[in-house]
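The values are calculated or read from the model by the stated rules, or taken from the named source; none is laboratory data. These figures come from a predicted structure and were not determined experimentally. Here Cβ is always computed from backbone atoms with ideal geometry, including for glycine, and neighbour counts include all displayed protein chains. Only protein heavy atoms, including side chains, enter the accessible area calculation; ligands, DNA and RNA are left aside. Shrake-Rupley method; radii C 1.70, N 1.55, O 1.52, S 1.80 Å.
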2 protein chains.
Amino acid sequence: MGDLSTLFAPQRVAVVGASDEDGTVGHAITSNLLSEFDGETVAVNPNREEVLGLRCHDSVADVPDVDVAIVVVPAPIALQVLREAAEAGIEDVVVITAGFSEAGGDGSSRESELLAIAEEYDLNVVGPNSLGIMSTSVGMNATFGPRSADPGNISFMSQSGAFITAVLDWAADHDIGFRDIVSLGNKAVLDEVDFVEQWGSDPDTDVILGYLEDVNDGQEFIEAAYEVTRETPIVAVKSGRTEAGASAAASHTGAIAGSDQAYEAGFKQAGVLRVESVQELFDFASVLDGQPLPDNEGVAIVTNAGGPGVMTTDAVGDSRLQLADFEESTLDELSDSLPEESNIFNPVDVIGDATVERFSTAIEIALADPGVGMVVVLACPTATLSFEGLADETVRLQAEYGTPIAATLMGGSATEPAADKLREAGIPTYFDPARAVNSLDALAEYAEIKRRDRIEATTFDVDQARAREILESAVDRGRTQLGVESMELLDAYGIPTPQGEVVDSPGDAERIAGEIEGDVVMKIVSPDISHKSDIGGVEVGVAQEDVRDSYEDIVVRARNYQPDASIVGVQVQEMVDLDTGTETIVGVSRDPQFGPLVMFGLGGIFVEVMEDTSFRVAPVAEPEVREMFDEIKSAPLLRGARGREPADLDALVETIQRVSQLVTDFPAITELDINPVVAMPDGVAAIDLRLTLDQEKL
Amino acid sequence: MGDLSTLFAPQRVAVVGASDEDGTVGHAITSNLLSEFDGETVAVNPNREEVLGLRCHDSVADVPDVDVAIVVVPAPIALQVLREAAEAGIEDVVVITAGFSEAGGDGSSRESELLAIAEEYDLNVVGPNSLGIMSTSVGMNATFGPRSADPGNISFMSQSGAFITAVLDWAADHDIGFRDIVSLGNKAVLDEVDFVEQWGSDPDTDVILGYLEDVNDGQEFIEAAYEVTRETPIVAVKSGRTEAGASAAASHTGAIAGSDQAYEAGFKQAGVLRVESVQELFDFASVLDGQPLPDNEGVAIVTNAGGPGVMTTDAVGDSRLQLADFEESTLDELSDSLPEESNIFNPVDVIGDATVERFSTAIEIALADPGVGMVVVLACPTATLSFEGLADETVRLQAEYGTPIAATLMGGSATEPAADKLREAGIPTYFDPARAVNSLDALAEYAEIKRRDRIEATTFDVDQARAREILESAVDRGRTQLGVESMELLDAYGIPTPQGEVVDSPGDAERIAGEIEGDVVMKIVSPDISHKSDIGGVEVGVAQEDVRDSYEDIVVRARNYQPDASIVGVQVQEMVDLDTGTETIVGVSRDPQFGPLVMFGLGGIFVEVMEDTSFRVAPVAEPEVREMFDEIKSAPLLRGARGREPADLDALVETIQRVSQLVTDFPAITELDINPVVAMPDGVAAIDLRLTLDQEKL
């Protein structure tokens, strides 16, 4: 697959399956193209002479210099058409035809064949099972939807064709314009990553929007979106968030999406603004398209109504934003300019009898305050205020100061002319002040994403060969569930473990204990026994002289408890001071789309009962690990709450990074749990390990 | 204050301060009344002969049979007018005039005087500082706002006049009608409780809406709203939720609201649906006004578009609702009626080429399923579907089955005629499916509120006299901060405490220990020492023979640590088995509006770090206490998570109820912390106590 710029700016488009029979897809696409396309539309249909005034060709191969072929022929012959197009040198094909993987049965093998042809000829294929594509830059509506997009700078991809139709119908009434639109269909060849990359490098796309039910390759998506969001914001709905939604999505597109935690983490790492509703999707798109990014997160609210001002302030309190703290000089100026009954403190209340002039003076004074990064202009209808006049002033001041503004005009249709003026200038305006604040919040969030430093996961100097040896030898012995006997794997990756070893005789136990200073911990090691403490399989604080006896006792108890259990031996381990340490858990699962997903949380109750966890897709970079600490509510316990000594966070960060490197290096590790990793004031210790291997991937 | 029905249905209304000078409040109100009021408008103004064609009277006392006086004269003479009105036998007065408590200074004393007059004459006074009142039942717009309400069944009170103006302007475009509206102003006399009661008993009010920045008396509010919500839903915004918002509210109306936890708890106990945004306020009002309540919480989604169906399903997943599980017969019928490519499982996808007939057949089959309590009809624009036809069918089916329906017509202005038909029938319709689901969720929540059994707080047989003695004797000794030395207070209220006593000599310590079986716990008792363990002020597991020595040691350590500390003695207490028990905290603070606010959470980290707490306003009834357990995330630990023995929840419930009774009986207890209350498998034990007294209230 190459560059997609021709796909969205072709000079000649062929509709293969063009028809003049009303109600057919071939008719709809051909007439949509004919109505506005700047380039040439070519009709292909061996059964017709002419379609909608166009001479009809028997094959797409009969027409020279076709840039894009739109395939609407029935599924059984679509592949043949695809091959003909490819042979004729066409690089971009949109397969509208349904009856591929979404239909199951034959459809799936048909889709595999489609993919094979695309690979053979290096074709860009949209679909199959797509509504089509649009590009307002060349007036192209190559969809069978009833409506064309208005021009604009938002590019939009959707895994639902109906959603595109709905959005276009609605957007026309809401002054929302688009640049390129693609209905992704089954994403057999081109997927979200390709369009993210295409639009990321398109100077005329200001915002990328997505409706996604899954992503094909999470790692690729993160990489592509991470780069693109440094310049262009991406806002996306990932539907099927909830259990019910995920199963509905599976029956809709056949998308078996991985865990929502993986999407949540992956989108965050990619810098994608994830939204949950259609309203937010377009609220965010509009503000990102229309307003500059804020310099800081201080919001000034200027209103002529106290009550709505309070509601707006609550919305600020709910967001990442803060009410700007005005400088003395700002307060003085407001005090000089406003009547005595006004409130000069933020939220500024210019009160009910304010004119446009007074309102605008207050807005300008607020804009001039260096602590004000954003402004909400909030007006209720009064006898003295002209909404249109206020809109004009707001537009002027926004342009003059270059500070983002969102407006709330709390009224009905009388506010429309004013709202139109604001929207034309890219200033979002709503009845509900919470939406205005939420939109500014999105701007601030994107500003933060854009400011991110380039981050790369650290690659530590580890003994990968030794790790492979350990894993391979386990597999050789028929083991795919490993436990503490494989702690050396952690050693190989520089993850601190207490001194100790798994032994299989009382003598060895004594020898190993002898190498350790002080008392030791002894634990039964058996893949078949999970609740070791409950069966007396663990002894803590065993003195050197008791090690031999303890060995025997532990093994006997295990044998009594479960005679058929395979017993690997007994682990003899250095004591770790659990009193000064905090137990944490580092876990990894493997997501079908995103790959290794690292989980962090505090031990036991916090993860299991309180669900106080944070996830990131591996490989994770240092700042991402630190964000994980910020996301768990129990983090103060690591930082020294309640008189505890703070844990060695640097060591913990490094441990999580090393785990991330381990699971990235070995895709064969499908699950891993280090529980606990004890975080002490001076270092950490990984105490216990459970790990599942997929030997096919080793 | 009496019945308010005359206030909202007067026959003769006098405007005191009527004026024909354009731009004045007196002019605006008089002309608003003249334009539509079914009754008679009377102008009062000693400085005019005639106002807007009305003969002007010198005093309200000159006119017989005035039902309501609207006072717009300047503040300095408003009280005189109020008295004249009262003397003339007028019972209902609306004081528009500002310059009372909201203005500070003289205003506050003026407001006290107003209150005194109202009490003297038993007057119903709205305001002062009010926009006025409206009642569409008699065409009365007695406000100075620019717009009258359309008739309807929603009654609306607002602590912001501007918000009323804004809402009316907006509502006119959204087919939302009102019955009564009141701008509460400063709430000197009539407040939210009076209007809740009035509208609760008004058969023509279907929904009560409120914009509140505080409530005057939380306990009264809960009581009144609790009764009313058994018949009439109340939906309210309580603004000033956040810290920033609360301080903005304080500067707006002077409302120093108590903690948001108290409002959250109080509204919940009252059965008030609390919303956070203007959008939700009216979404909920519309659906509650227009749709019946659901029989169950199963939702069927019927759509012609898969993707939006998934989004809708996600919204269901986010709500209290569930996707309905269709019966076999329903699936069979759907399968018989729909094309093969359809999805007969919920969300039902009638697919893109559906006609109104197919859509409506599917809706009807879903409605007939007994597991379907609500339906979302979700349509995207297609060539085959008539939105208006679908609206007609939806209206017909909703009426036939009596099941609540919400619609999502995903399109632009082309959907308007259909949306109008739906709205006219009371079926809410939105572009964003999440709003439709959220509205149904509100219906289900209200259905649950309406179903509640009548609950009363249990009154236990306690020794109130003994408790009073303990508190009084503490106050007599100059103590307002009490600790473990007052554990007997808990005994008096039947709250289990470990056996033991506070003693002030080694001999007494030995004697008390002798009465206790087994080892004891000994703790220093001093109001000046809070971290007792840290200074060696606590000894656990003291054997009988060591009690005397331990007494001396503990006291010496305390003296060394803090020579000026007042030492009450040493507590000698029975050991409580902390290993099988779970430490919980029961705390009480006193909220300025709601009074005693009971907090419950698990000990230490869970409350302090995880903020895992639940609040209720006392007195709390048993089911409310059980709800508190449901609200904390750590509750599984009480219920026996991770192999623990379950705690004695009944004993814990009773303890919290008894604490509630104690703080209700003694308003002098301004703060109380029982930390920990150890919840054991067989009973609970209150181990430690801190309590603050306000001696004025004893």
### Ascending list, in nanometres, of distances separating the B:Pro76 label from those of the other copies (7 Å, Cα toward Cβ)
9.8
### Message
Placing the label point 7 Å from Cα along the Cα-to-Cβ direction, what are the distances from B:Asn560 to the equivalent spots in the other copies, shortest first, in nm to one decimal?
### Response
4.7
#### Entry: Innermost chain A residue relative to the axis carrying A onto B, by Cβ distance in angstrom
A:Met610, 3
### Query
Relative to the first principal axis of the alpha-carbon coordinates of chain B, what is the inclination of helix B:278-290, with its axis defined by its Cα atoms, in degrees from 0 to 90 and to the nearest 10?
70
### Query
If you count, for every residue in A:166-177, the Cβ atoms of partner chains within 10 Å of its Cβ, what is the mean?
5
### Message
Placing unit charges on C-beta atoms (Lys and Arg positive, Asp and Glu negative, everything else neutral), compute the dipole magnitude of chain B about its Cα centre in debye, rounded to 20.
### Response
1060
### Summary
By the C-alpha gyration tensor axes a ≥ b ≥ c (rounded if a/c is under 1.5, else prolate when a/b exceeds b/c, else oblate), the shape of the range B:5-205 is rounded
### Task
Using a 1.4 Å probe and ignoring any ligands, DNA or RNA, find the accessible area of B:Lys633 and quote it in Å² to the nearest 10.
90
### Query
Considering only protein heavy atoms and a 1.4 Å probe, what is the carbon-and-sulfur percentage of the accessible area of the range B:5-205?
43
### Query
Across all directions of projection, what mean area in square nanometres is found for the Cα convex hull of the range A:189-327?
10.8
#### Entry: Given charges at beta-carbon only (K, R positive; D, E negative), |dipole| of the range A:501-575 in Debye
300
### Query
Taking a spot 7 Å from the Cα of A:Glu40 along the direction of its beta carbon, which residues of the range A:1-23 have an amide N less than 12 Å from it?
A:11-14
### Query
What figure in square angstrom, to the nearest 10, would you give for the accessible area of B:His27 with a 1.4 Å probe?
30
### Per residue solvent-accessible surface (Å²) - chain B, probe of 1.4 Å
38
### Query
Given the pairs B:Lys268/B:Lys633; B:Lys187/B:Lys238; B:Lys633/B:Lys697, which span a C-alpha to C-alpha distance of over 27 angstrom in this model?
B:Lys633/B:Lys697
### Approximate spin-label separation A:Arg557-B:Ser413, in nm, with each point projected 7 Å along Cα-to-Cβ
8.0
### Query
Looking at A:Ile554, A:Val572, A:Met522, which one has the Cα that reaches farthest to the positive end of the dipole of the range A:501-575 (charges on Cβ: Lys, Arg +1; Asp, Glu -1)?
A:Ile554
#### Entry: Residues listed by number, the range A:520-560, amide nitrogen under 13 Å from A:Gln499 label point at 7 Å toward C-beta
A:520-521
### Message
For peptide A:311-324, what's the mean number of Cβ atoms from other chains within 10 Å of each residue's Cβ?
### Response
6
### Query
Roughly what % of Cα-Cα distances in the protein assembly as shown sit above 63 Å, to the whole percent?
22
### Task
Obtain the radius of gyration and the Kirkwood radius of the range B:275-384 from its C-alpha atoms and give Rg over Rh.
0.99
### Summary
Looking only at lysines whose Cα falls under 29 Å of A:Lys523's and that sit 8 or more positions away or on another chain, we get A:Lys532
### Task
Could you compute the FRET efficiency for B:Gln11 and B:His174, with r as their C-beta to C-beta distance and R0 at 30 Å, rounded to 0.05?
0.40
### Task
Let me know the charge dipole size of the protein assembly as shown about its Cα centre in debye, to the nearest 20, where only the beta-carbon of Lys, Arg (+1) and Asp, Glu (-1) is charged.
440
### Query
Taking every residue in B:596-605, how many Cβ atoms of other protein chains lie within 10 Å of its Cβ, on average?
1
### Kirkwood Rh and Cα Rg combined as Rg over Rh, evaluated for the range A:105-168
1.05
### Summary
Under a 1.4 Å probe, counting only protein heavy atoms, A:Ser566 has an accessible area in Å², nearest 10, of 50
### Query
Against the longest alpha carbon principal axis of chain A, how many degrees, from 0 to 90 and to the nearest 10, is the axis of helix A:106-121 turned?
80
### Task
For chain B, just say rounded, prolate or oblate: build the C-alpha gyration tensor, square-root its eigenvalues into a ≥ b ≥ c, call rounded for a/c under 1.5, and beyond that prolate if a/b exceeds b/c, oblate if not.
oblate
### Task
Once you have a ≥ b ≥ c as the square roots of the Cα gyration tensor eigenvalues for the range B:1-104, tell me rounded if a/c is under 1.5, and otherwise prolate or oblate according to whether a/b is larger than b/c.
rounded
### Query
Counting DSSP beta bridges with both partners in the protein assembly as shown, what percentage is antiparallel, nearest 5?
50
### Message
Run the label-point distances for B:Glu608 please: 7 Å along Cα to Cβ, every other copy, nanometres, shortest first.
### Response
2.5
### Selection from A:Ser183, A:Ala425, A:Thr394 lying farthest towards where the dipole of chain A points positive, charges on Cβ
A:Ser183
### Message
Please compute the contact order of the range A:5-205 in relative form: average sequence separation of alpha-carbon pairs under 8 Å and at least six residues apart, divided by the residue count, as a percent.
### Response
19
### Task
Taking every pair of Cα atoms in the range B:501-575, average 1/r, invert it to obtain the Kirkwood radius, and report Rg/Rh to two decimals.
0.94
### Query
Calculated from DSSP H runs of 4 or more alone, at -39500 (n - 2.57) each and per residue, what is the 222 nm mean residue ellipticity of chain B, nearest 500?
-12000 deg cm²/dmol
